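Heads up: the structure comes next, in structure tokens.
Here, each number is a calculation from the coordinates, and none is a lab measurement. In this text, all values refer to a predicted model and were calculated from it rather than measured experimentally. Note that each Cβ is placed from the backbone with ideal geometry, even for glycine, and that neighbours are counted across all protein chains shown.
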Amino acid sequence: MKRDNTPGAQAQSAKGRGVVAALVYVFERVMPDPFVLSICLTAFVAVIAFVFAPHGNVPTLLDAWYTGTFGILGFALQMILILATGYAIAEAPVVQRGLRALAARAQTPARAALLVFPVVAVAAWLNWGLGLIVGALLSREIARRVKVDFAWLVAGSYSAWSICNSGLSSSIALSQASHGNALNLVEKATGQVVPLAQTVFAPFVFVPTVLVVVVMTFIFIRMHPKAEDVVAFNQSKESEDSAPSDDPHARADAGVDASPSFATRLEQSMIGTLLLLVLGVGYLAMEWSEKGFDLDINTTILIFLLIGLALQRTPIAYANAIRRAARQTGSMLLQYPVYGGIMGIMKGTGLASMIAKAFVTIATPVTLPIWSYLSSLIITLLVPSAGGHWAVQGPFVLPAALSLHASVPRTAMGVAMAENVSNMLQPFWAVPIVAIAGIRIQRVMGYTAVTFAVSLVIYAVALWLVP
């Protein structure tokens, strides 16, 4: 029987299926494409800054927008490279076999959730870029085998990923633990660093991180749509998207004949791969032996590059994998500069500092971490980058913590934990995972709105009550 997809019928169906389905319906009807949303947010922030910010005049606003738009390009390329190099790893035959074996264990929607949440959460806790890649590709592998609502599954992956700002790749925690880091505002103010034992591994961070993963796993199991409402993975679209290019230079077997050319032999030789591996491994060995083991964005990209080269074996195979990955990252090229402009306006006009100060002025030593958390929820929706966010909010909440004798680690991690929460409504970081998964973002955000509500409470209670 053909389903009635008219808006009226969908609305009646949403009412019958409950709050979650209604949220999905609302996001599909109301939320525009993420690029259009970023433009709307730019207009909103510009108006608010012009009216309320201390430096909200037109010349400052325009200059701040321009500076932010082009100042983020280096960071944008880093993010795209993390995703592209991660995608190339996941395309390697040995990794594909591993993902298939893992996905084969998920034979029902409930088992899919029980598999996706811990696997993606661990990957995200170790490294946020790895978590994004694992979440998207594991979702696709499971959806090929199980009749499961694909938007629900991708939303579960993104929800599990949300804990990354409480993990080992947390920009805020790492910067405060790193001597000489440009964003180590604690060291600049006190001469001391804040070790990860006081942030990432502290009970007030670690306990709610685990709770969010466990609680949301079971909530997502309950949220799966009824069989008649399931929208499964479109495998025919995937085949179309991943079809080989007509360009002979984009095929791994290009030029293979009885007497291959010099260019073909060079493309299929492992010499180029070995050269890059020697250079990359040599640099990492030298750097880590001198300064100790450390991961930042650039070393993460380098490690992904080296692993992908080793798994793909030949330069042409790796180049073809990156070409296919580039098709999944196009939407990011538009959004990063636009959000960079928003970040520039927020910082240049003083709007972000005004928001942070408004909360700080009413704080006490006990409540400052909570106010830091709440103000961060607002700022994250407009500045969805932990490092850039800390550069904007840190200079105001940290001096307040020192003057009030409040907990510095708790105040700083309040900012980071709010990043986890607000990312469930802010589609900036969802763009890469939905691009790789191959699905529209609107249905995904309808589910992650529930994650926002639940994790909002869990992190707030932990900041307030957990030692």
Query raised in the report: Among the lysines in the chain, how many pairs, 8 or more places apart or on different chains, have alpha carbons under 29 Å apart?
Result: 13
Query raised in the report: Quick one: if you stick a label point 7 Å off each Cα along the C-beta vector at Leu126 and Val94, how many nm between them?
Result: 1.5
Requested in this report: Could you tell me which of Leu306, Phe206, Ala363 has its Cα farthest along the dipole of the chain towards the positive end, charges placed at Cβ (Lys, Arg +1; Asp, Glu -1), taken about the Cα centre?
Outcome: Phe206
Report task. For the chain, build the charge dipole from Cβ charges (+1 Lys, Arg; -1 Asp, Glu) around the Cα centre, then report which of Val415, Ala319, Tyr283 sits farthest towards its positive end. Result -> Val415
Query raised in the report: Where the only charges are on Cβ atoms (+1 Lys, Arg; -1 Asp, Glu), what is the dipole of the chain about its Cα centre, to the nearest 20 debye?
Result: 1100
Report task. Run the quick spin-label model on Asn57 and Asp294: label points 7 Å from Cα toward the beta carbon, then report their separation in nm to one decimal. Result -> 4.1
Requested in this report: Treat the count of other C-beta atoms within 10 Å as a stand-in for reagent exposure and order Thr69, Thr108 from fewest to most.
Outcome: Thr108, Thr69
Query - Which of His224, His179, His389, His55 has the fewest Cβ neighbours within 10 Å, and the rest in rising order - result: His179, His55, His224, His389
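In deg cm²/dmol and to the nearest 500, what is the mean residue ellipticity at 222 nm of the chain if only DSSP H runs of at least 4 residues count, each as -39500 (n - 2.57), divided by the residue total? Write out the running numbers ahead of the final one.
On the way: 24 runs with 341 residues, N = 467.
For the chain, the value works out to -23500 deg cm²/dmol.
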Requested in this report: Enumerate the residues in the stretch 119-135 having an amide nitrogen under 19 Å from the point lying 7 Å beyond the Cα of Leu284 toward its Cβ.
Outcome: 123-134
Report summary line: Between (1) 23.5; (2) 21.7; (3) 22.7, the structure-derived Kirkwood radius over Cα pairs in Å is (1)
